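What follows is one structure encoded as structure tokens, with my remarks underneath.
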Amino acid sequence: MRSYSPSISRINTFRKRCYQFGFTAEVLKRAAELLAASTEWQRYLHLLDTGDSIDDIPVTSNRWPGSFSTVTRLQQQTMTVEGIHDRDRMQRTAEETRAGRRRILPLPDAEDEATPNSAALILLQTVSHLAHSNLAWVLNRVHFKCQFHTMKFNAFTDGALRSKQTRDIFAIVEAKKRLRTVGSKAILTQEACEIVGWVMNNSRETARFNEHFMLISLDRHELFITFASIEQVHMVHTTHAHVRK
């Protein structure tokens, strides 16, 4: 199987192109207003900036992030390996590098994939709760079975955005305990299989982001958003010509 992924766009570039995926100026303005009105969101962002441990902040403190406390704790646990937080690890590595004792090494894998996976879904759930919706982010794994003429494969996601009524899938989630730069080929291949499985097992109507499918990826502590455009001709060709009914 071959898969192609364009280069990663930074947030500023995404802001210039997000209209392609249905995020109009009105939608972005409304989202910004909802976040600005949330005191708990502001406290959560403050903790991201300061790096203060959630364990050192009492519930009665005006710094307590409320509904964002669980995701804060999970994110900090993801970034703490063998009792050492990334911030302290990077500072120690920088000091040793300047002293000529070692080169800069990549951050180690999180201790367990369940932690970043939970962090991703709970963050999405908490942010989504700021506005009423008929959709819900769930930790349930989604299974896609793909059957071709000469081969088949199974793909499992780590979570999904689905309808509360129909259970239709409108976005999928994939989490890894390692950085995307470590084993990137394997990560991209797995994500491609999940998207192909999603396309082959669902109708075009589930591509709600201006006819794009959306994949949320959390690789250790870094979050990525992938929008996959599936052309109608390619969908028909894949579904009817290559799938054995």
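Considering each of ALA207, ALA171 in turn, give the residue that is of a type in the set (A, V, I, L, M, F, W, C) and modelled with pLDDT under 85. Break it down into steps so the answer makes sense when it comes.
Details: ALA171 fails: modelled with pLDDT under 85.
Of ALA207, ALA171, the one residue that is of a type in the set (A, V, I, L, M, F, W, C) and modelled with pLDDT under 85 is ALA207.
Would you confirm whether or not segment 226-240 contains a residue that is outside any loop (DSSP other than H, G, I, E, B), at pLDDT 85 or above, within 14 Å of the chain's Cα centre (by Cα) and under 30 Å from LEU48 (Cα atoms)?
From segment 226-240, those outside any loop (DSSP other than H, G, I, E, B) are 226-229, 232-240; that's our starting set.
Those left that are additionally at pLDDT 85 or above: 226-228.
Filter once more, keeping what is within 14 Å of the chain's Cα centre (by Cα): 226-227.
Subsequent filtering for residues that are under 30 Å from LEU48 (Cα atoms) retains 226-227.
Looking through segment 226-240, at least one residue is outside any loop (DSSP other than H, G, I, E, B), at pLDDT 85 or above, within 14 Å of the chain's Cα centre (by Cα) and under 30 Å from LEU48 (Cα atoms).
Take the residues of segment 137-147 that are touching a helix residue (DSSP H, G or I) at 6+ places or on another chain (Cβ under 9 Å) and in a loop (DSSP other than H, G, I, E, B): which is nearest to ILE122 (Cα to Cα)?
Applying the first criterion (touching a helix residue (DSSP H, G or I) at 6+ places or on another chain (Cβ under 9 Å)) to segment 137-147 yields 137-139, 142-147.
Retained after the next criterion (residues that are in a loop (DSSP other than H, G, I, E, B)): 139, 142.
On the way: LEU139: 9, VAL142: 17 Å.
Once the filter is applied, the top-ranked residue is LEU139.
With (1) within 30 Å of ALA186 (Cβ to Cβ); (2) touching a residue at least 60 places away in the same chain (Cβ under 8 Å); (3) among the aromatic types (Phe, Trp, Tyr) as the list, and TYR4 as the residue in question, which single condition is left unmet?
Checking TYR4 against (1) within 30 Å of ALA186 (Cβ to Cβ); (2) touching a residue at least 60 places away in the same chain (Cβ under 8 Å); (3) among the aromatic types (Phe, Trp, Tyr), the one that fails is (2).
Being at pLDDT below 95, of a type outside the set (D, E, K, R) and in contact with a helix residue (DSSP H, G or I) (Cβ under 7 Å, 6 or more places away or on another chain): is that true of ALA99 here? Please lay out each step first, then the result.
On the way: at pLDDT below 95: yes; of a type outside the set (D, E, K, R): yes; in contact with a helix residue (DSSP H, G or I) (Cβ under 7 Å, 6 or more places away or on another chain): no.
So ALA99 fails the test.
Just for segment 156-192: of the residues that are part of a strand (DSSP E or B) and among the basic types (Lys, Arg), which one is nearest to HIS143 (Cα to Cα)? Full working, then the answer.
So the first thing to find is which residues in segment 156-192 are part of a strand (DSSP E or B), and the list is 156, 159-163, 169-176.
Imposing the further condition that a residue be among the basic types (Lys, Arg) reduces the set to 162, 176.
On the way: ARG162: 13, LYS176: 17 Å.
Among those that are part of a strand (DSSP E or B) and among the basic types (Lys, Arg), it is ARG162.
If a residue has to be surrounded by fewer than 20 Cβ atoms within 10 Å (Cβ to Cβ) and either out of contact with any strand residue (DSSP E or B) (no Cβ under 7 Å at 6 or more places or on another chain) or free of Cβ contacts under 8 Å to residues at least 12 places away in the same chain (or both) to count, how many in segment 125-153 make the cut?
13
Need pairs with beta-carbon distance below 6 Å; first residue within 12 Å of LEU123 (Cα to Cα) and within segment 53-81, second modelled with pLDDT of 95 or more and among the charged types (D, E, K, R); sequence gap 6+ or separate chains.
From segment 53-81, the pairs are SER67/GLU40; PHE68/GLU40.
The values are calculated or read from the model by the stated rules, or taken from the named source; none is laboratory data. Predicted, not measured: the structure shown is a model, and the values here were computed from it. A quick note on method: Cβ atoms are made from the backbone with ideal geometry, for glycine too, and the neighbour counts reach across all protein chains shown.
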